[in-house]
Amino acid sequence: MDGKPRLQLRGVTKRFPGVLANDNVSLVVRPGEIHALLGENGAGKSTLVKMIYGVLHPDSGDILWDGEPTPIDNPRSARKLGIGMVFQHFSLFEALTVLENIALGVDAKIPQNLLEAEIRRVLDLYGLKLDPRRIVSTLSVGERQRIEIVRALLLNPKLLIMDEPTSVLTPQEVEQLFETLRKLSAQGCSILYISHKLHEIIALCETATILRAGRFVAECDPRRETSRSMAELMIGGNLKEISRTPGRAFGAEKFATRALSLPKIGDFGMALKEVSFSVRAGEILGVAGVAGNGQNELMEALSGEVASPDQMILLEGKTIGRLGPTQRRALGLSAVPEERNGHAAVADLTLALNGALTARRRMGFVTGGLLSLSLARAYAGKVISTFTVKALGPHSTAGSLSGGNLQKFIMGREILQEPSAIAVSQPTWGVDAGAAAAIRQALVDLAARGCAILVISQDLDELLELCDSLVVINLGSLSRVMKVGEASIEEIGLLMGGVHGDPQATVEMTEALQHAH
Amino acid sequence: MRIRLEKRREPSRLMQALSPIGAVAATMIVGAIIFQAIGYDGPDAVKDIFFTPVLASYKWQDVAAKAAPLILIALGLTLGNQAKVWNIGAEGQYILGALGGAGAAILTQDMQGWWIVPLMIVCGMAAGALWAAPVAWLRNRFGVNEILSSLMLVYVATQLLNYLVTGPWKDPHGQNFPQTAPFTASQRLPAALFGQPFPPGLYIAFALALVFWLVMARTEYGLGVRVVGEAPRAARYAGYRASDAVWSTLLISGAMAGLAGVLEATTQSGQLNLGFPSGYGFTAIIVSFLGRLHPMGIALAGVVLAISYVGGQVAQTTVHVPSATAGIFQAMMLFFILASDVLVRRRLRIEWGAGQTKAARA
């Protein structure tokens, strides 16, 4: 292990107009090492990784590969060196199949049937579930990510870069992935692992490099650190824990569905089957589950983008199933979908107009069809200052904000409308620790003011931290409701894997649970 | 070396505003070179096309007469373009507008009164909207591409005009010429108003440009149209229905093209004949983009395109360029404005990549 490092960065600097994205950053990854790269959004992780993968080029500084200074011109030459990458944001062609997408990412020309066999072998080897023949547009976020993982693993890489790979996996699947990564590492493949889930880094990584504001802050051994100590190194200050008043009482039922059933839309959509939940005033109900199990369908039914039979959705006792999004918002039901760009916000519009998207009626921007831009600007300004969104102002376009800041803006836009109930999907997906804590705290505070909150998330830790009760969604139906204090991770994980209703699986689950205890 | 286009985070507003000027300038330069190369006096052709109509005041009335329909049609198209509803069939809706007006004129042949012209205008707008309605219906009901259906309806409209002016609507006293009866005094608008060489259509066009600007920038509806165009899922989430935007933008752009047609008929031609279709419906597409999809920009761009029409005729007689010349210049303008759009939103980067780092190391 004393040999040359697999990858070494020396004093790498990258400047964008107006921003110094990386300032004299150094990093050493040894062969077979699992190395964490930590930092808040905007700390420069993505820029650094893009330079390693040849997408960007450093303004100054050296990249050394196996001890040799090696310019990496483009991703193709990176792959030739043996660098594989799983991006956080996928670059997939929606209209093509999984197989065709992977074929496009493979540099060598391989006949499709051989490639498919190879893909199936990799899928099998790492226990990933994915049908190579499905069209990407029909896949969930989780499944899309698996394509990227397979694409990278097909190259038998010597260095695998993983950008937030576990956000869409069940705890069991995360454990499986870790097994895989440890196997790879034992075979000598280095892994550069980017994640916000600090306990995962503690469980997986031997070394962590921490960046803040484009600069190297520290290298540490995560196994000797705590989540808290690393988070504080990242944000350069004290991390606030969620504070909530103990012994809160919940009010009456505010937001509920009654046997909400919807047929599946499209060939690979998920039908909703008799989904019933009830959220009381002040309560936060979490919906756990692996991506693609009906979360998006449930969200669209709750937001009003897809209409349902009227009596199936209730807000404060009123049936609202057939109402559209605008009418539901007028009654006090807000919704935040999973996808920020192009769904919850429009990249090319200003923040003022993005605020008006959902707040225009409820906050009174509209009189007789006229939209008051000054009120919209003032509201966006209020959201920006209340939720410390890093933006130049209400005139900035949504597309100019980083993911975490845009998410803070979107959450703030809904929360300042003081909804009486809100459904939120993936409130902190791809958001850094500081912003995530702020968003969670805002939700807890909103609940304390009597709002009924439904949070759909694939991040189980988030749900356990945030929610009062939990259900698991699997194949379009919900499990029984569990109180957060009483639910065991193992049980939730197994429910996420989809066992309820199947007697054989239930037996296996019980055995597994007994085994676990 | 590699040439790449990188997306800019925030496109500069100044560059967005200046790009049409750059496009027009590039058109002049490239146009002069091309016409020089094929044996005409290139600089002279450019001078006659773009400057003579402005400098010679007796051409202003011509320019104004052509600017009015271009601006009116382009305003309607722009609303659709904002929603990414591509109405390519404004020419057909323009013809239908004139037919609607002419139909009303035939019914009111023996009547008099101030109300006749407004009635013709209403009929013309309704006919234009009616011609766009099947396009909207087909798109919403069956997902039929509106570019194709609206374009095909242009040819149907032309045939309908031919049929009517050679058949049922032919002027009984017209010595068998394929044309309608001339409009009566009560059915006509003056070609100039208030002692200026500008027709009423131009005043209406500028007033409506203000109205469209208000609708696009300051109404809930205008925001919805934009959001439907930019991000359909976000539109649905925000409570805007894409099918509503398809209906409303097509009906409005149809009505605007119809308005342009009926005004042209009552102000300029005074009757309908086989030569009525003018291509304004197609040129207006260029006006919409050259005006940066902004009503005020469109008012300006309409004048620029009208100048190129009039100037094209001037250059035909002075420099003897072919009649297609104005069209070539107009097409170049569209090309350059779309190209500069790409460069305003993106940054052109020429990377010497590997070569540079190697050199630095050596």
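Here, each number is a calculation from the coordinates, and none is a lab measurement. What you are looking at is a predicted structure, and each value in this text was computed from that prediction instead of being measured. As a convention, Cβ positions derive from the backbone with ideal geometry for all residues, glycine included, and neighbour counts pool all protein chains shown.
Each Cα pair of chain B feeds into the Kirkwood radius, which the Stokes-Einstein equation turns, at 25 °C and 0.890 mPa s, into a diffusion coefficient of 112 µm²/s.
A simple rule links phi to the HN-Hα coupling: the Karplus curve 6.51 cos²θ - 1.76 cosθ + 1.60 with θ = phi - 60°, which for segment B:175-184 gives 6, 6, 5, x, 7, 7, 4, x, 5, 7 Hz, with x for Gly and Pro.
Taking a Cβ cut-off of under 12 Å around A:Arg258, the surrounding Lys, Arg, Asp and Glu residues balance to a net charge of -3, with basic ones at +1 and acidic ones at -1. State whether segment B:45-129 is rounded, prolate or oblate according to the following rule on the C-alpha gyration tensor (a ≥ b ≥ c being the square roots of its eigenvalues): a/c under 1.5 gives rounded; otherwise a/b larger than b/c gives prolate, and the remaining case gives oblate. Oblate, because a/c is 1.5 or more while a/b does not exceed b/c.
The label-point distance for A:Asp445 and A:Ser77, in a model that sets each label 7 Å from Cα toward Cβ, rounds to 5.0 nm.
Computing FRET efficiency as 1/(1 + (r/R0)^6) for B:Arg8 and B:Asp110, where r is the C-beta to C-beta distance and R0 is 51 Å, gives about 0.20. Averaging the sequence gap over all C-alpha pairs within less than 8 Å and six or more residues apart, then dividing by the number of residues, gives segment B:56-350 a relative contact order of 35 percent. If a/c stays under 1.5 just call it rounded; otherwise compare a/b with b/c (prolate if a/b is bigger, oblate if not). Do that for segment A:7-235, with a ≥ b ≥ c from the square roots of the Cα gyration tensor eigenvalues. Note, shape of segment A:7-235 comes out prolate. Candidates A:Thr319, B:Leu164, A:Met496 compared by Cα position along the dipole of the protein assembly as shown: farthest toward the positive end lies B:Leu164, with charges placed on Cβ. Other residues whose C-beta falls under 12 angstrom from the C-beta of A:Phe277 contribute a net charge of +1, scoring Lys and Arg +1 and Asp and Glu -1.
As a length-normalised measure over Cα pairs under 8 Å and 6 or more apart, the relative contact order of chain A settles at 15 percent. When the square roots of the Cα gyration tensor eigenvalues are ordered a ≥ b ≥ c, the ratio a/c for segment B:42-196 is 1.5 or more and a/b does not exceed b/c, which makes its shape oblate. Other residues within the sphere of radius under 14 Å centred on the Cβ of B:Ile34, judged by their own Cβ, net out at -2 (K and R +1, D and E -1). Comparing A:Asn474, A:Leu27, A:Ala203 along the charge dipole axis of the protein assembly as shown, the residue lying farthest to the positive side is A:Leu27, per the Cβ-charge model. Among the DSSP beta bridges whose two residues both lie in the protein assembly as shown, what percent are antiparallel, rounded to the nearest 5? In the protein assembly as shown, approximately 55 percent of DSSP beta bridges are antiparallel ones.
Derived from the Cα gyration tensor, the three semi-axes of the equivalent ellipsoid of segment B:182-327 are 33, 20, 15 Å, largest first.
For segment B:40-56, backbone phi angles converted through the Karplus equation (6.51, -1.76, 1.60; θ = phi - 60°) give residue-by-residue couplings of 9, 7, x, x, 5, 4, 5, 4, 5, 6, 9, 10, 4, x, 7, 6, 8 Hz, Gly and Pro being listed as x. Our estimate of slack between A:Ala378 and A:Ala307, defined as 0.36 nm per intervening residue step minus the Cα-Cα distance, is 22.3 nm.
Residue order for A:Val122, B:Val262, B:Val228, A:Val55, fewest other beta carbons within 10 angstrom first, comes to A:Val55, A:Val122, B:Val228, B:Val262. In this Cβ point-charge picture (+1 for Lys and Arg, -1 for Asp and Glu), chain B has a dipole of about 1820 debye about its Cα centre. Say R0 is 45 Å: what FRET efficiency, to the nearest 0.05, do B:Phe142 and B:Ala56 get from their beta-carbon distance? The value I calculate is 0.30. Distant-in-sequence amide contacts of A:Ser402, defined by a placed amide H-H separation under 5 Å and a gap of 5 or more residues or a different chain, comprise nothing. For the pair segment B:75-116 and segment A:392-419, the centres of their Cα atoms are 43 angstrom apart. DSSP assigns beta bridges within segment A:253-486; of those with both partners inside it, close to 50 percent run antiparallel. For A:Leu371, nonlocal amide neighbours, meaning residues 5 or more places apart or on other chains whose placed amide H falls under 5 Å from its own, are B:Thr219, B:Glu220. The modelled label-to-label distance between B:Arg241 and A:Arg133, using points 7 Å beyond Cα along the C-beta direction, is 3.9 nm.
When the Gaussian network model of chain B links Cα atoms closer than 10 Å, the mean-square fluctuations of B:Gly97, B:Gly39, B:Gly76 top out at B:Gly39. For A:Gly84, nonlocal amide neighbours, meaning residues 5 or more places apart or on other chains whose placed amide H falls under 5 Å from its own, are A:Lys158, A:Leu159, A:Leu160, A:Ile161.
Taking label positions 7 Å along the Cα-Cβ direction at both A:Thr386 and A:Glu253, the computed distance is 3.0 nm, reported to one decimal.
Counted residue by residue at 0.36 nm each, then reduced by the alpha carbon distance between them, the extension gain from B:Leu343 to B:His320 reaches 4.7 nm.
Extent along the principal axes, Cα only, for segment A:253-486: 46, 41, 38 Å, with the longest axis given first. Using only side-chain charges placed at the Cβ, +1 for Lys and Arg and -1 for Asp and Glu, the dipole size of segment A:51-194 relative to its Cα centre rounds to 420 debye.
Suppose we look only past 31 Å in the calculated P(r) of chain A. What percent of the Cα-Cα pairs does that tail hold? When every Cα pair of chain A is considered, 48 percent fall beyond 31 Å. Sparsely packed loop sites in segment B:1-80 (the chymotrypsin sites (Phe, Trp or Tyr not before Pro) outside DSSP H, G, I, E and B with at most 16 other Cβ atoms within 10 Å) comprise B:Phe51. Each of B:Ser323, B:Ser243 was scored by other Cβ atoms within 10 Å of its Cβ. Arranged with the fewest first, they read B:Ser323, B:Ser243.
Maximal additional length on extending the A:Ala95-A:Ile265 stretch stands at 59.5 nm, based on 0.36 nm per residue less the C-alpha distance.
By the beta-carbon count within 10 Å of each Cβ, the least crowded to most crowded order of B:Trp114, B:Trp213, A:Trp429, fewest first, is B:Trp114, B:Trp213, A:Trp429.
Computed about the Cα centre, the dipole magnitude for the protein assembly as shown is approximately 1440 debye when only Lys and Arg (+1) and Asp and Glu (-1) carry charge, each at its Cβ. Between the listed residues A:Met299, A:Cys451, A:Gly289, the Cα displaced farthest toward the positive end of the dipole of segment A:253-486, a dipole computed from Cβ unit charges relative to the Cα centre, is found at A:Cys451. Across all Cα atoms of the protein assembly as shown, the radius of gyration (one decimal) and Dmax (whole number) stand at 32.1, 105 Å.
Listed values for segment A:150-165 are Karplus-derived 3J(HN,Hα) couplings in whole Hz (6.51 cos²θ - 1.76 cosθ + 1.60, θ = phi - 60°), namely 4, 4, 6, 5, 4, 7, 6, x, 8, 9, 10, 9, 10, 9, 6, x, and x replaces Gly and Pro. Its relative contact order, with pairs defined as Cα atoms under 8 Å and 6+ residues apart, puts segment A:7-235 at 29 percent.
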